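Just so it is clear, none of the values below were taken in a lab; they were calculated from the coordinates. These numbers were taken from a predicted model, which means no experiment stands behind them. Neighbour counts run over all protein chains shown; Cβ positions are idealised from the backbone, glycine included.
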Amino acid sequence: METIRLEFQPKIKAKLLELLSSFSSDELKIEQEDPDFDENKRKLDASLAKIKNGTAKFYSLEEVDAFLEETISKYEN
């Protein structure tokens, strides 16, 4: 399958969906786009840049476990 992105005026959405519904699910799959896609992409690109330039901070599993245990213990009581 191929994927395309469409931008359209809200007033034609019903007509567009009516046309697309004439295709079978084997021929066409409609996926809703994530409304936060652009913001998520920006954050991930910034994180990747930090990894590439060596400024990202990494944690071991033991460090993460200790942090989570400490955080959980604060809210248990």
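For L48, neighbours were defined as the other residues whose beta-carbon sits under 12 Å from its Cβ, and their charges (Lys and Arg +1, Asp and Glu -1) total +4. Once Rg and Dmax of the Cα atoms in Å is calculated for the structure shown, the corresponding label among [x] 12.1, 45; [y] 22.1, 58; [z] 11.3, 32 turns out to be [y].
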